[in-house]
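In what follows, a structure is listed as structure tokens, so that the remarks can point back to it.
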Amino acid sequence: MAAALGLLAVAGVLARTDAVHDPFDPASAQTDGLLGLVRTLEANGVSIDVSLDPPSDMSTSAFVPVDRLGARREAWQAWVDRGGHLVVADPGSPLHALEAVGSRFVDAVGQTSRAPACPALAAVETVTHAGWDGYVVPRDGGATCFPLDDDVAWLVTRPAGAGTIVAIGSPAPFANAVLGRDDNAVLAAALLAPAAGDRLVIVPRGEVGQGGSELLDLVPPRVWHGLGLLGLAAVLAAVAAGRRLGPPVAERLPPVLPASELAHSLAGLLQRTGRPADAAATLRRHARRRVAAATVGGADLRHEDLVALAVDRLGLDPDIAAAALLDRAVPDDAALLVVQAAVRTVVTHQRDVGP
């Protein structure tokens with residue numbers, strides 16, 4: 001129960017949403033916002049527009065920090081196919097159609113990577129941010145920068161129709177907290193708007209109710225994490241509440257009747273139902289088993305041989321042995337009483353002599 005309550009507390013913290021800003025919001029001055037990027041590009045003479053819709057002309061570039069476009073994604077894809085230039089910084093975006101690779105190459109916070117001699121990034125040398133996600137280099141053309149492995153790069157440029165898509169592993173180098181470090185601002189200018197007078201559209205996260213924005217796309221990831229923990233906490237709480245292991249209770253076992261007593265009881269029941277022959281057969285089968293148990297191989301003997309064995313081994317009277325072991329007619333209760341007495345005598349002698 002304590003573990004479930006702890007999970008509930010953690011889930012409550014994770015499920016809280018931040019009403020002030022979203023990560024990589026172009027209007028946010030928080031450490032993970034992009035307001036510094038907007039101000040830097042505007043200071044270089046770049047015209048910035050924040051919009052969920054693609055521009056009407058092909059000379060304007062566009063930047064998608066986080067792809068939450070939903071139903072609007074088709075319009076952006078069509079804009080690129082007509083000749084647009086789109087920079088996508090979301091490894092999970094379907095726009096670039098590249099296979100993303102997790103941060104397994106440079107994973108320490110504060111690591112730097114020296115850019116290769118990419119023609120478009122000649123002025124960029126060192127870029128700093130926390131984690132480096134990459135893409136598998138496509139075989140159908142395109143250019144790569146910031147190689148992370150032989151076949152993985154942090155930046156991949158590839159043609160899409162008449163336009164171009166530039167996929168980068170993360171928008172983190174453009175965040176307010178690190179934009180001023182090393183050549184991060186130089187990289188932003190070279191990728192998004194290299195010359196004064198350029199126009200750039202930055203695509204924000206869609207707001208609830210805006211056009212084709214999907215509601216699930218607007219839910220922060222930590223809300224899903226919190227809901228998952230809430231579900232796990234509920235399961236643990238149910239398991240904890242459902243276990244009720246009280247003190248052990250001694251249970252009386254049913255009495256175990258000896259085989260002879262069981263046989264005589266069954267015979268008594270058959271006698272009450274008016275079936276003395278069946279009762280006598282039950283008693284005789286029991287007697288034959290007891291005599292056979294007194295010798296090895298006795299179970300395979302004929303009934304007449306069992307009578308001789310009972311006389312020889314148990315010292316029984318021949319008439320008593322025959323009454324107890326041979327199948328003779330039992331027409332009434334008086335004859336059944338004779339069989340019952342003979343069987344009791346056989347069983348008593350077998351207990352004294354046999355195993």
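The values are calculated or read from the model by the stated rules, or taken from the named source; none is laboratory data. Note that the structure is a prediction, hence the values are computed from the model and not measured. Glycine gets a Cβ as well: all are built from the backbone with ideal geometry, and neighbour counts include every protein chain shown. SASA here: full protein model, heavy atoms, side chains in, ligands and nucleic acids out. Shrake-Rupley method; radii C 1.70, N 1.55, O 1.52, S 1.80 Å.
So here's what we get for this one:
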quantity	calculated
Extension gain, His225 back to Ala238 (0.36 nm per residue minus Cα-Cα distance, nm)	2.7 nm
Nearest-10 value in Å² for the accessible area of Arg328, using the 1.4 Å probe	130 Å²
Gyration tensor verdict on the range 27-92 (Cα atoms; rounded if a/c is under 1.5, prolate if a/b is larger than b/c, oblate otherwise)	oblate
Pair Arg289, Ala27: separation of 7 Å Cα→Cβ label points (nm)	9.1 nm
Ile165, Ile48, ranked by accessible area, largest first (probe 1.4 Å)	Ile48, Ile165
